[in-house]
Amino acid sequence: MLVYTTYPSLVEAEQAGRAIVAMRLAACVNILPGMVSHYWWQGEVVRGEEVVMLLKTRASLADKVCAAVRERHPYDTPAILTLPLEWVDPAYHAWI
């Protein structure tokens, strides 16, 4: 399973991601800086620069991963989405 979220900065994403991996809730975290977002917030369209985080985990840990992301997130309403996987290479799946 993948868990998708965004953070306002690379530093915050790295701190949260490293902690979640250290807790063994995710096998790997990918952090992708440089995303530009346009979204509705408090009645207006806002532009923001964000960092994407993809967390690779098992479906059985998804609730714990989402809770750990929420606990370490600076946003009032963070985007936390779980994405089930249709296929994963068997060797990679075993590693996760």
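The values are calculated or read from the model by the stated rules, or taken from the named source; none is laboratory data. Just so it is clear, the structure is predicted and the values come from calculations on it, not from any experiment. Counting neighbours? That spans all protein chains shown, and the Cβs are built from the backbone with ideal geometry, glycine included. Surface accessibility is based on the protein's heavy atoms, side chains included, excluding ligands, DNA and RNA. Shrake-Rupley method; radii C 1.70, N 1.55, O 1.52, S 1.80 Å.
Determine whether region 29-50 contains at least one residue that is among the β-branched types (Val, Ile, Thr), part of a strand (DSSP E or B) and open to solvent by 80 Å² or more (accessible area, probe 1.4 Å).
The answer is yes, given that some residue of region 29-50 is among the β-branched types (Val, Ile, Thr), part of a strand (DSSP E or B) and open to solvent by 80 Å² or more (accessible area, probe 1.4 Å).
How many residues are open to solvent by 40 Å² or more (accessible area, probe 1.4 Å) and within 13 Å of the chain's Cα centre (by Cα) if we restrict to region 57-66? I'd like the intermediate steps shown before the answer.
Within region 57-66, the first condition is being open to solvent by 40 Å² or more (accessible area, probe 1.4 Å), and the residues that meet it are 58-60, 63-64.
With the extra rule that they be within 13 Å of the chain's Cα centre (by Cα), the set shrinks to 63-64.
Here the count works out to 2.
Of the residues 13, 26, which is of a type outside the set (S, T, N, Q), in a helix (DSSP H, G or I) and either touching an Asp or Glu at 6+ places or on another chain (Cβ under 6 Å) or at pLDDT 95 or above (or both)?
Working: 26 fails: in a helix (DSSP H, G or I).
Sole residue among the options that is of a type outside the set (S, T, N, Q), in a helix (DSSP H, G or I) and either touching an Asp or Glu at 6+ places or on another chain (Cβ under 6 Å) or at pLDDT 95 or above (or both): 13.
Restricting to region 69-83, name every residue that is farther than 9 Å from residue 55 by Cβ and outside any loop (DSSP other than H, G, I, E, B).
If the condition is that a residue be farther than 9 Å from residue 55 by Cβ and outside any loop (DSSP other than H, G, I, E, B), then 70, 71, 80, 81, 82, 83 are the ones that fit.
Looking at (1) touching a Pro at 6+ places or on another chain (Cβ under 8 Å); (2) surrounded by fewer than 10 Cβ atoms within 10 Å (Cβ to Cβ), which one does residue 90 not meet, given that it meets all the others?
Only one criterion in (1) touching a Pro at 6+ places or on another chain (Cβ under 8 Å); (2) surrounded by fewer than 10 Cβ atoms within 10 Å (Cβ to Cβ) is unmet by residue 90, namely (1).
Go through (1) open to solvent by 90 Å² or more (accessible area, probe 1.4 Å); (2) at pLDDT below 95; (3) closer than 19 Å to residue 11 by Cβ for residue 75 and report which single condition fails.
(1)
Take the residues of region 17-28 that are free of Cβ contacts under 8 Å to residues at least 12 places away in the same chain and either hydroxyl-bearing (Ser, Thr, Tyr) or more than 28 Å from residue 87 (Cβ to Cβ) (or both): which is most open to solvent (accessible area, probe 1.4 Å)?
First, pick out the residues of region 17-28 that are free of Cβ contacts under 8 Å to residues at least 12 places away in the same chain: 18, 21-22, 24.
If we keep only those that are either hydroxyl-bearing (Ser, Thr, Tyr) or more than 28 Å from residue 87 (Cβ to Cβ) (or both) as well, we get 18, 22.
Details: 18: 186, 22: 80 Å².
For region 17-28, the residue satisfying everything is 18.
Here is a list of conditions, (1) under 17 Å from residue 77 (Cβ atoms); (2) open to solvent by 70 Å² or more (accessible area, probe 1.4 Å); (3) not β-branched (Val, Ile, Thr), and residue 14 meets all of them except one; can you say which number that is?
Here residue 14 clears every test but (1).
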